[in-house]
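I have placed the structure first, in the form of structure tokens, so that the comments after it can refer back to it.
The values are calculated or read from the model by the stated rules, or taken from the named source; none is laboratory data. Quick caveat, the model's predicted, so the values are computed rather than measured. Glycine also receives a Cβ, built like all others from the backbone with ideal geometry; neighbour counts cover every protein chain displayed.
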Amino acid sequence: MSLIKIYSIAKKVRKQCEVFANSKEARSKDYYESKDLACMCAVASHALLIALKDRGIEAIMVRGKYKKHYECYPTHHCWVEYRDSIIDITATQFEVSKKVQIVKSKNPNYIRMRRIRVSDRNPLRSWGIEQGPSHSLSRRILNIN
């Protein structure tokens, strides 16, 4: 699969996440009305992982740290990896201008801590209900037109 196709899928999922973040259903979430999708990285990355899987693309979701941000605000971050690339649809929360950032997996700003596969039933359950992903939530997001 080409990165051009993956970029197209990621761009669509990013838009669906933006719509969801502004919906009534998201009112209780930390990312409600977040223009840069801050606090939505786990949910958005999981939705992207599911969207890629639906198209037969085997990718992984990663929990880690975004180094530039972590030095000031020690919080975790999530993104998707495919082959030797990182696809980050919430990097805008770190003042990255691109809504879909694709960089090489060796990019020093991304520090990996845990890899998550689409088959994991409760990915990142420790993130709590306000920021944590789930299969049912990802499906609701992906059904947004």
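Numbers below:
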item: Enumeration of residues in segment 6-22 that are in contact (Cβ under 8 Å) with a residue 12 or more places away in the chain and under 16 Å from A59 (Cβ atoms); result: I6, Y7, I9, A10, K11, K12, V13, R14
item: Residue within segment 101-119 that is within 22 Å of S2 (Cβ to Cβ), part of a loop (DSSP other than H, G, I, E, B), modelled with pLDDT of 90 or more and in contact with a Leu (Cβ under 9 Å, 6 or more places away or on another chain) present; result: no
item: Out of A26, A91, sole residue that is surrounded by fewer than 22 Cβ atoms within 10 Å (Cβ to Cβ), touching a helix residue (DSSP H, G or I) at 6+ places or on another chain (Cβ under 9 Å), small (G, A, S) and without any contact (Cβ under 8 Å) to a residue 60 or more places away in the chain; result: A26
item: Output for segment 8-23, where each listed residue is among the small types (G, A, S) and buried (at least 21 other Cβ atoms within 10 Å of the Cβ); result: A10, A21
item: Strands (runs of 3 or more DSSP E) (entirely within segment 1-93) containing at least 1 residues that are of a type in the set (K, R); result: 60-66
item: Candidate set: segment 122-145, residues that are over 17 Å from C78 (Cα atoms) and part of a loop (DSSP other than H, G, I, E, B); chosen: the one modelled with the lowest pLDDT; result: N145
item: Matching entry among G64, G56 (being farther than 21 Å from Y110 by Cα and free of Cβ contacts under 8 Å to residues at least 60 places away in the same chain); result: G56
item: Selection from segment 20-38 of residues that are aliphatic (A, V, I, L, M) and closer than 19 Å to A91 by Cβ; result: A21, L37, A38
